[in-house]
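Working notes, beginning with the structure itself.
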Amino acid sequence: MKKLVLLFIAVAMFSCKNDTTENTSETKQDQPDSTKVEEMEFKQVDSKIIDNDSLWKPFDADLSEFSSEVYEEVKALAFEKSIPEIQEAIESGKLTYEELVLFYLTRIMEYDRENEFSLNSVISLNPNIIEEARAKDQQKSKASNRHPIYGIPVLLKDNINTTGTPTTAGSVALQNNQTEDAFIVKQLKNNGALILGKANLSEWANFFCEGCPNGFSTIGGQTLNPYGRKVHDTGGSSSGSGVAVAANFAPVAVGSETSGSILSPASSNSVVGLKPTIGVLSRGGIVPISSTLDTPGPITKFVIDNAILLDAMKGVDNEDVSSKGAGKQNSVYYSNIKKADLKDKRFGVIKALMDDSLYVRAINDLKKAGAEIVEFEAEDIDLPNFRRLLNLDMKKDLPAYLKNYGGDVSYKNVQDVVDYNTQDSLNRAPYGQALFMGILKDSASEKDFSAIKDTLKTNGTRFFEKPMKELDLDAVLSINNYHAGYAAVAKYPAITVPMGYSSENQPRGLTFIGKPFTEEQLLQFAYIFEKNSQRRKTPGNYNE
């Protein structure tokens with residue numbers, strides 16, 4: 001089994017290193033620090049850049065007045081609650097957006113840095129978030145037809161541009177990269193969302209150092225998994241987004257994926273992650289790896305929240321060729337999610353994964369909910385030159401970002417960043433910068449580059465399209481991010497939902513992969529599975 005799984009996931013390794021641990025046991029209760037599992041070793045855990053005093057100074061006065069009694073009252077209304085549940089509490093007058101923000105800030109301050117439970121999932125906070133929340137409270141009665149995201153705090157992966165806090169991609173080189181809002185951030189704000197701050201990530205979205213751990217950035221330090229701190233991998237590269245949502249530091253977060261970078265941390269931290277079809281969401285103002293494969297996407301505790309956050313970010317960005325090509329998405333992703341059923345829906349199950357007990361149990365959950373299950377042998381298809389695609393894209397896409405979306409930084413290309421890091425490698429690149437060096441060494445003609453992209457697209461599409469067409473499938477079922485590489489180059493959307501835990505309390509996700517622009521359908525499938533399985537559990541040490 002392991003050999004087969006490694007074959008499946010090898011193609012996703014470049015932007016997201018994968019957890020390949022097999023699972024053969026049923027779910028156990030949360031015991032993240034009591035299990036006798038060997039701890040992971042890291043060169044660096046805590047950030048050398050973030051100053052906690054400066055981080056919390058804008059909030060000192062307000063947090064000092066937020067009593068433990070009020071915290072407990074808000075916790076009863078917000079902790080492990082969906083966006084609709086939170087909004088219901090606010091509509092009834094039991095909760096305010098200001099209190100909601102103070103609740104999450106309190107949790108971040110308590111748990112995220114410089115203590116025995118620290119997770120290092122948040123890099124920076126919006127210094128104006130409390131004032132903005134008060135404004136939402138004052139304006140809500142006047143704002144008719146409010147989007148469900150109105151007043152909800154959202155964390156952004158720190159490769160997504162936003163005003164007020166720098167966009168660093170986790171790199172010291174960009175620690176002063178003050179930018180305008182990315183397109184999706186403008187959409188979030190237009191729909192009433194509050195930007196809580198920036199989440200840690202694998203530096204440069206995991207396309208920087210080779211052999212470095214998921215979740216490490218020189219700016220943010222080492223992100224740690226709340227289900228097994230220093231024991232279980234966080235997944236990458238949207239590690240901070242996945243961890244922060246899992247630990248209830250924010251109700252929802254935004255990640256980005258090139259190949260597995262949403263699916264991996266979502267499944268690794270027992271939350272829901274959606275990688276949309278390329279073009280459904282704009283990439284404008286997001287630090288890139290690959291203009292061919294990159295996309296942002298929502299990471300949430302609940303599928304309904306995933307649909308709400310996706311909907312709040314959509315819109316046509318004429319500056320992004322993929323967004324313009326995809327056109328307006330007319331679906332209101334959350335509106336019909338509860339009306340769907342699985343009658344006559346056919347899911348393809350990969351035979352090589354059938355000795356995974358959690359996968360089998362998840363399949364049985366779907367059967368009980370009315371789905372038809374069809375087993376098939378996955379074709380052995382190569383994805384040649386996958387890393388070269390990323391090399392060649394990054395070589396041209398990073399300069400384009402720095403020119404069109406970057407702030408007042410002096411770098412113009414990958415070489416400039418490499419040179420800067422080389423001046424102080426210990427503090428700027430403790431795990432080296434081998435992948436960036438690989439970018440500099442790679443080159444290809446336009447004809448060869450086009451051929452690489454065409455071959456990958458053809459091969460990745462064949463992997464899914466052939467069984468889906470022959471067996472009349474609505475989606476293919478996978479585990480975690482095992483088939484993220486194929487979905488990436490095929491430009492197929494995918495969503496992962498918690499399906500249980502290994503005997504060491506390691507989270508696992510059931511992943512639905514569908515044809516392009518079937519996000520609404522995938523969200524419905526995921527919602528039904530979530531409702532019928534209810535596998536997610538709160539990480540044990542983060543319940544207070």
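Odds and ends about this structure:
- Additional length obtainable on full extension of the chain from ASN115 to ALA76, 0.36 nm per residue less Cα span: 11.6 nm
- Taking volume of the Cα convex hull per residue in Å³ as calculated from this structure, the corresponding entry among (1) 156; (2) 197; (3) 135 is (3).
- Förster radius 45 Å - calculated FRET efficiency between LYS441 and GLU65, Cβ distance, rounded to 0.05: 0.20
- Whole-number percent relative contact order across the chain, with pairs defined as alpha carbons under 8 Å at least 6 apart: 20 percent
- The helix-only estimate of mean residue ellipticity at 222 nm for the chain, built from DSSP H runs of length n ≥ 4 each weighted as -39500 (n - 2.57), is -11000 deg cm²/dmol after division by the residue total.
- Across the stretch 517-527, coupling constants 3J(HN,Hα) worked out from phi with the 6.51/-1.76/1.60 Karplus curve, θ = phi - 60°, read 6, 10, 4, 4, 5, 4, 4, 5, 4, 5, 5 Hz, and Gly and Pro carry x.
- Charge-dipole axis of the stretch 371-511 as Lys and Arg at +1 and Asp and Glu at -1 on Cβ define it, positive-most pick from VAL497, ALA400, ILE381: ALA400
- A dipole drawn for the stretch 56-180 from +1 and -1 charges on Cβ atoms has a positive end, and of ALA76, TYR150, SER121 the residue lying farthest that way is TYR150.
- Per-peptide average of other Cβ atoms within 10 Å, ordering 306-314, 361-369, 448-456 highest first: 306-314, 361-369, 448-456
- Database remark: amide H of VAL122 closer than 5 angstrom to the amide H of ASN200 (H placed geometrically; neighbours at sequence offset of 5 or more, or on other chains; Pro and chain starts carry no H).
- Considering only TYR359, SER291, ILE452, and ranking their Cα positions along the charge dipole of the chain that arises from unit charges at the beta-carbon of Lys, Arg, Asp and Glu, the one farthest toward the positive end is ILE452.
- Per-residue packing, averaged as other Cβ atoms within 10 Å, sorts the ranges 435-446, 518-529 into the order 518-529, 435-446, beginning with the highest.
- Remark: relative contact order (the stretch 271-353) = 31 percent; criterion is Cα-Cα distance under 8 angstrom and separation of 6 or more residues.
- Phi-based couplings in Hz for the stretch 177-186 (Karplus 6.51, -1.76, 1.60; Gly and Pro marked x): 7, 7, 10, 7, 5, 5, 4, 5, 5, 4
- Between ASN336 and ALA352, the distance separating the two model label sites (each 7 Å from Cα on the Cα→Cβ line) works out to 3.5 nm.
- Ellipsoid equivalent to the stretch 34-125 - semi-axes via the Cα gyration tensor, in Å: 29, 18, 11
- Where both bridge residues fall in the chain, DSSP classifies roughly 65% of the beta bridges as antiparallel.
- Note on the stretch 371-455: Rg/Rh from Cα positions, Kirkwood definition for Rh, rounded to two decimals, is 1.17.
- The stretch 482-487 - phi-based ³J(HN,Hα) in whole Hz, Karplus 6.51/-1.76/1.60, Gly and Pro as x: 4, 10, 5, x, 5, 5
- In whole angstrom, the stretch 80-199 maps to an equivalent ellipsoid with semi-axes of 26, 19, 11, each derived as √(5λ) from the alpha carbon gyration tensor and ordered largest first.
- Judged by the mean number of other Cβ atoms found within 10 Å, the most tightly packed of the peptides 421-434, 174-187 leads the ranking 174-187, 421-434.
Read-outs: derived from the displayed coordinates by stated rules, not from any lab. The structure presented is a predicted model; accordingly, all values stated were derived computationally and were not measured. Every residue, glycine as well, gets a Cβ built from its backbone with ideal geometry; the counts of neighbours run over all protein chains shown.
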